[in-house]
Amino acid sequence: MQTAKERPSGAASPSHSMSDDLLALLGGVDPQVSQILAGERERQESTLELIASENHVSAAVMHAAGSWMTNKYAEGYPGKRYYGGCEFHDQAEELARNRAKQLFGCAYANVQPHCGANANIAAFMALMNPGDTVLSLPIKSGGHLSHGLKVNFSGTFYKVADYSLDPSTELLDYDEIERIARECQPKLIICGYSAYSRTIDFARFRAIADTVGALLMADIAHIAGLCATGVHPSPFPFAHVVTTTTHKTLRGPRGGMVMTNDEELATKVDRKVFPGSQGGPLMHIIAAKAVAFGEALRPEFTSYCQQVVKNAKALAAELQSRGYRLCAGGTDNHLMLVDLRARNADLTGADAEKWLERSGIICNKNGIPNDPRPPMVTSGLRLGTPALTTRGLREPQMTRVATWLDEVMGSKGDASTSARVRGEIKEFCRDFPLPH
Ligand SMILES: *Cc1c(COP(=O)(O)O)cnc(C)c1O
């Protein structure tokens with residue numbers, strides 16, 4: 001890397017970074033894209049990111065993802081490639097795999113899936129034949145579309161049986177899941193969700209799977225960082241296969257991964273990732289995964305994950321004290337599902353999302369269990385703390401965030417309230433810069 005002295009433009013400042021270099025370079029080559037990227041950086045800098053599945057990666061991860069590694073075809077696996085010139089690609093992939101194994105305490109990792117949904121496609125293909133039965137939590141109850149939604153790959157090629165949450169507690173009801181498993185005799189049971197705020201009992205899931213001779217897949221896309229650091233119990237040694245994204249609480253580049261302790265399953269998974277469902281791996285992303293896993297192995301990342309949960313609990317408590325109802329009664333992890341009706345019967349997730357966005361708070365509407373409103377309206381908001389925690393917000397700031405949330409939602413979309421909050425948040429964000 002050039003030092004400030006060597007840089008010909010002389011534009012160096014104490015805060016000068018590779019990101020500034022990128023924008024300057026692009027500005028000369030493609031001003032339109034340069035402007036778009038600058039706008040997005042400014043948007044992230046000046047708003048509060050409460051989408052539970054998002055995070056802000058380090059500059060090291062971001063720039064590894066934008067490196068020379070993007071130029072290479074590396075179909076195959078380390079030592080067994082279909083193209084020459086893979087010396088450093090083998091090293092990057094080995095490093096990513098080894099760090100993943102160390103991080104999650106497992107024997108095999110495939111770091112090639114392009115995203116979480118692709119990891120699940122490969123896992124389904126490795127664990128089942130088309131037409132076999134998978135038992136999962138449907139998306140309307142907090143599951144993911146790749147777990148069996150009709151219009152998705154999973155619901156198209158496999159038979160899908162549903163379990164749901166206990167309607168009164170909104171918690172997983174393991175006795176009921178066992179009853180349904182005995183009835184439908186699935187080949188595969190899936191646990192791990194997109195909008196479930198409580199701890200998952202992986203041991204109990206494995207016991208259920210064993211009772212009916214099923215395999216257990218844990219999709220830890222949301223809680224991967226928490227599992228890696230012991231802030232949420234690990235799916236190992238209980239799950240036969242673990243799938244995840246790398247870009248949520250794990251704070252890596254956008255991507256997926258499949259892990260297992262079983263050699264035979266590992267071989268099947270490798271074949272189903274490539275050539276089964278993907279072509280050339282995204283080697284730039286795999287290099288960035290290696291960087292992110294290296295970061296996650298450091299003690300600071302454990303403190304970060306602990307703080308993510310402390311922040312979620314603080315935000316949850318403040319919202320509850322202001323009259324909001326939280327599904328499942330609160331949170332054990334990085335997210336919460338807010339039932340807006342308790343605060344105001346007319347408030348919808350769609351309105352709240354829109355009003356909050358123009359106030360500088362980014363989040364998503366989300367159906368709550370048994371939501372009477374349709375998916376494009378909803379009665380809930382999903383809020384998460386991974387991104388805010390990366391910026392350095394702690395419990396006292398969570399109270400502030402809850403106050404803003406309540407002011408905007410309580411104002412029923414009043415434009416002057418949104419404008420005032422927008423200004424306050426812009427100012428506030430200056431004290432919590434993005435990683436750079
Ligand atoms: C986010 C998520 C995925 C999919 O991730 P993509 O990278 O968007 O494909 C899979 N499973 C669960 C439970 C998720 O929350």
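Protection proxy ranking for 393-401, 137-145, 79-87, using the average of other Cβ atoms within 10 Å per residue and placing the highest first: 137-145, 393-401, 79-87.
Give the peptides 362-368, 260-266 in descending order of average Cβ contacts within 10 Å, highest first.
Values: 362-368: 22.1, 260-266: 16.4.
For the peptides 362-368, 260-266, the packing ranking is 362-368, 260-266.
Quick one: grab the alpha carbon gyration tensor of segment 309-419, order the square roots of its eigenvalues as a ≥ b ≥ c, and give me rounded if a/c is under 1.5, else prolate or oblate depending on whether a/b is larger than b/c. Each step should come with its number before you reach the end.
On the way: a/c = 1.65, a/b = 1.17, b/c = 1.40.
Cα axes put segment 309-419 in the oblate bin.
Return the loop-located GluC sites (Glu not before Pro) in segment 279-339 (DSSP other than H, G, I, E, B) with at most 16 other Cβ atoms within 10 Å of their own Cβ; answer none if there are none.
Working: sites: Glu295, Glu300, Glu318; in loops: none.
Taking segment 279-339 and a limit of 16 other Cβ atoms within 10 Å, no loop GluC sites (Glu not before Pro) are found.
Peptide packing: for 123-134, 270-281, 330-341, the average count of neighbouring Cβ atoms within 10 Å per residue gives the ranking 330-341, 123-134, 270-281, highest mean first. Would you mind checking the pairs Lys72/Lys150; Lys150/Lys187; Lys101/Lys268; Lys150/Lys313; Lys272/Lys313 and listing those with alpha carbons more than 28 angstrom apart? Flagged as over cut-off: Lys72/Lys150; Lys150/Lys313; Lys272/Lys313.
Every number here is computed from the coordinates shown, using simple stated rules; none is lab data. The structure presented is a predicted model; accordingly, all values stated were derived computationally and were not measured. Methodologically, a virtual Cβ is constructed for each residue, glycine included, from the backbone with ideal geometry; neighbour enumeration extends over all protein chains shown.
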